[in-house]
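Notes to accompany the following structure.
The values are calculated or read from the model by the stated rules, or taken from the named source; none is laboratory data. Not measured: the values here are computed from a predicted model. Glycine also receives a Cβ, built like all others from the backbone with ideal geometry; neighbour counts cover every protein chain displayed.
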Amino acid sequence: MLRDPQLNANGELQHLLSIEGLPREVLVQILDTAESFAGVTEREVKKVPLLRGKSVFNLFFEPSTRTRTTFEIAAKRLSADVINLNIAVSSQSKGESLLDTVANLSAMQADIFVVRHASSGAPFLIARHVKPHEHVINAGDGRHAHPTQGLLDLFTIRHYKKDFTRLTVAVIGDVLHSRVARSLIHGLTTLGAPEVRVIAPQTLLPSGVEALGVRVFHDMRAGLKDCDVVVMLRLQNERMGGALLPSAQEYFKSYGLTADKLHLARPDAIVMHPGPMNRGVEIDSTVADGPHSVILPQVTFGIAVRMAVMSIVAGN
Amino acid sequence: MRLHIKNGRLVDPATGKDGPGDLYVDEGRIVERLKSPERTIDAKGLVVSPGFIDLSARLREPGYEYKATLESEMDAAVAGGVTSLACPPDTDPPLDEPGLVDMLRRRALSLERARVYPIGALTMKLQGKALTEMAELAEAGCVAFSQANVPLADTQVLWRALQYAATFGFPVWLRAEDAWLAQGGVAHDGEVATRLGLPGIPGFAETVALSTILELVRATGARVHVCRLSTAGAVELMRRAKAERLPVSCDVGIHHVHLCDRDLGYFDANCRLEPPLRSQRDRDALSRALAEGTIDCLCSDHTPVDEDGKHLPFAEAEPGATGLELLLPLALKWGQARELPLAATLARITSEPARILGVAPARLAPGAPADLALFDPAAPLRVTPEALKSQGKNTPFAGYELAGRVRATIVGGAVVYEA
């Protein structure tokens, strides 16, 4: 078996590329560290000097506002210098290769690369080619993984539910195209959640999804029954009207989360969404803004989680 | 050159004969005996076999000289004991004009290494719309017609192409892949692709297309060779087609009898291949079918890719791997795993492909062309990309410990490679 490329020889986190394959202890270490940073973000002076003098390069080969911003805030709160590169509109359009771009930035003394790329596996390729003291954090690669989102989802669940080993979690929507779903599912199974469900029409489920350790439901009402955590996935508009789904209306009817359907879950269920939301497509506004929703706290927790990840990899 | 090859272990796959003996060569052919050899080669400890025949080796000329040149790949061929090879038409421009084919053959001939058999394009520019001048191309030296890896989605055109080829008795070589089902996919649609978040190509993309091809063979009587089988389902369809005595044959590439989608590991772009590496079950079915004869032969599917083409995220990386120099050791590894006699293993890369190619039988008998490979079947070989003669250095087998080293290659009685 190949060594997990995100761990160093001591089994410590060198890069964060995927939640899959990370030992339970590493996940818990990240969540615990994030817990300690959660306090920082509430202080008046929101900075700690852990990454002073270090350079964090935000390398976004795909447009993103929220993830890039929260990484930027997290790095700044750790006192790092942050350089944002929107590669989608710079060197790539001039024909520079991915590895040349990284080599050039590396020559500018980078310490951490935060990478988002439309191609699954791109951060693995970069991690194979960076210098030993440089770290790569995957901020979303194709359909493959979005580990910091998965971690902030885990952090949110732990915050509200404490113990993973009694939870029933439903992930609903476009699992096929979702890196968020893959990362969260791996995290939940690693931390011992006994039942993880995916709820979607066949066209939005990747083949052999059961092998990830999930139970498949096509009927949303059956799938929601007695759930502690409900995770809605974003459904992109371009999936509509093609061979995957006939229309947003029909999708909302079968798979949109309404207050009525949410009643089937446990009374204290929490509702999560990685954002950005499509109100009226996958989630009704009354639920998104309702008492079960923890969608905005997720965003806040995201900063602490990203601080934790950056400080841990930089320390290893 | 009059040659005397002595003390060798003569293995003749066509007859299954395997034993010590001497071999004589005169005027490019194997002869019964020889009075005064000009050269004697001591083949002690070596197997003397007909040279290997590779049904798919891309030489990248014309058009892709930055990936490989005729010189580099012909060096690779003879270093791998390959004395004849068929090259697919997906060059730039594609082999759709007699002039191009003629030029390629002349260039290859002037290098005096392996024999090159061009496969002509089935449709102009491989676009799947208009037929090529097959008769003219055949006259220029094309031995069959194919779309290489370019899908032919229009079944009307496929039907007509098979009818036209059947009219003249030209064989058509096709890969079975439904263009629509495979669209956008880069890996076998299964557990591994799901985990890695890679767009999948379902196994039924192959069986759907193969069913169509077989139905059109029934309708037209065209002789069809199906290239690079990748699924257990396709093996089953071929088994039935052969039982039905349809004029069909098929091959499998060296990667697909040894590897499966799990070998993608952490997005190893060396495993980006066409067709994709499939499940373990598919791999085992292919390996078994090759032993049982449902699959006729094994080919290298040699596809040199330059470094820039592979230093990319998996889905963007160019498909293909180098293979000419690994054909023998990987054939031996397969034969050993299936516990086959050496002659039976070698038949898959000598006599069987010769039959499909329609060239002189690969035999160790007087009168047969003196195309020979002398190799040490037990010599260890660690796959080291930098040591390969091919300009393509990418292979998922890098670092593998294999066995089988070619010591000499003879084409038409001339020693074209010695190590």
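Below, the figures for the structure above:
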item	result
Test result for B:Val416, of a type in the set (A, V, I, L, M) and in contact with a Pro (Cβ under 9 Å, 6 or more places away or on another chain)	no
Within segment A:103-124, tally of residues that are of a type in the set (S, T, N, Q) and surrounded by fewer than 24 Cβ atoms within 10 Å (Cβ to Cβ)	3
Answer from B:Pro366, B:Pro319, B:Pro396, B:Pro385 - the residue that is closer than 19 Å to B:Gly21 by Cβ and either of a type outside the set (Asp, Glu) or buried (at least 22 other Cβ atoms within 10 Å of the Cβ) (or both)	B:Pro366
Candidates B:Leu152, B:Leu158 - the one that is in a loop (DSSP other than H, G, I, E, B), closer than 14 Å to B:Leu216 by Cβ and either in contact with a His (Cβ under 9 Å, 6 or more places away or on another chain) or not polar (S, T, N, Q) (or both)	B:Leu152
Hits in segment A:93-118 - residues which are away from chain B (no Cβ under 11 Å), more than 18 Å from B:Glu307 (Cα to Cα) and in a loop (DSSP other than H, G, I, E, B)	A:Met108, A:Gln109, A:Ala110, A:Asp111
Given (1) in a helix (DSSP H, G or I); (2) among the hydrophobic types (A, V, I, L, M, F, W, C); (3) closer than 30 Å to B:Ala347 by Cβ, number of the condition B:Ile295 does not satisfy	(1)
Total residues in segment B:201-228, condition surrounded by 24 or more Cβ atoms within 10 Å (Cβ to Cβ) and either modelled with pLDDT under 95 or within 14 Å of chain A (Cβ to nearest Cβ) (or both)	3
Residue within segment A:69-77 that is in a loop (DSSP other than H, G, I, E, B), more than 14 Å from every other protein chain (Cβ to nearest Cβ), under 20 Å from A:Pro274 (Cα atoms) and without any contact (Cβ under 8 Å) to a residue 12 or more places away in the chain present	no
For B:Ser279: the one exception among (1) within 24 Å of B:Gln147 (Cα to Cα); (2) within 14 Å of chain A (Cβ to nearest Cβ); (3) of a type in the set (Gly, Ala, Ser); (4) touching a strand residue (DSSP E or B) at 6+ places or on another chain (Cβ under 7 Å)	(1)
Number of the exception - B:Leu34 against (1) in contact (Cβ under 8 Å) with a residue 40 or more places away in the chain; (2) of a type outside the set (Phe, Trp, Tyr); (3) more than 20 Å from B:Gly253 (Cα to Cα); (4) assigned to a loop (DSSP other than H, G, I, E, B)	(1)
Looking only at segment A:189-247, and only at residues there that are charged (D, E, K, R) and surrounded by 16 or more Cβ atoms within 10 Å (Cβ to Cβ), the one that is nearest to the other protein chains (Cβ to nearest Cβ)	A:Arg239
Residue ID - surrounded by the most Cβ atoms within 10 Å (Cβ to Cβ), chosen from residues in segment B:331-361 that are of a type in the set (Gly, Ala, Ser) and either in a helix (DSSP H, G or I) or under 14 Å from the mean Cα position of the chain (by Cα) (or both)	B:Ala347
Residues that are closer than 22 Å to B:Val192 by Cβ, more than 7 Å from chain A (Cβ to nearest Cβ) and buried (at least 24 other Cβ atoms within 10 Å of the Cβ), drawn from segment B:304-316	B:Val305
Among residues of segment A:269-278, those that are at pLDDT 95 or above and over 10 Å from A:Met232 (Cβ atoms), counted	2
Matching residues, segment A:143-178, being surrounded by fewer than 24 Cβ atoms within 10 Å (Cβ to Cβ) and within 13 Å of chain B (Cβ to nearest Cβ)	A:Leu176, A:His177
Residue list for segment A:119-140, restricted to those being of a type outside the set (Val, Ile, Thr), at the interface with another protein chain (Cβ under 10 Å from one of its Cβ atoms) and touching a strand residue (DSSP E or B) at 6+ places or on another chain (Cβ under 7 Å)	A:Ser119, A:Ser120, A:Gly121, A:Ala122, A:Pro123, A:Ala127
1 or more residues in contact with a Pro (Cβ under 9 Å, 6 or more places away or on another chain) and in contact (Cβ under 8 Å) with a residue 12 or more places away in the chain: qualifying strands (runs of 3 or more DSSP E) within segment A:119-237	A:135-141, A:168-172, A:229-232
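Results for (1) over 22 Å from B:Ile356 (Cα atoms); (2) in contact (Cβ under 8 Å) with a residue 60 or more places away in the chain, shown as yes or no for each residue.
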| position | (1), (2) |
| --- | --- |
| B:Ala77 | no, yes |
| B:Gly81 | no, yes |
| B:Pro89 | no, no |
| B:Arg107 | yes, no |
| B:Gly128 | yes, no |
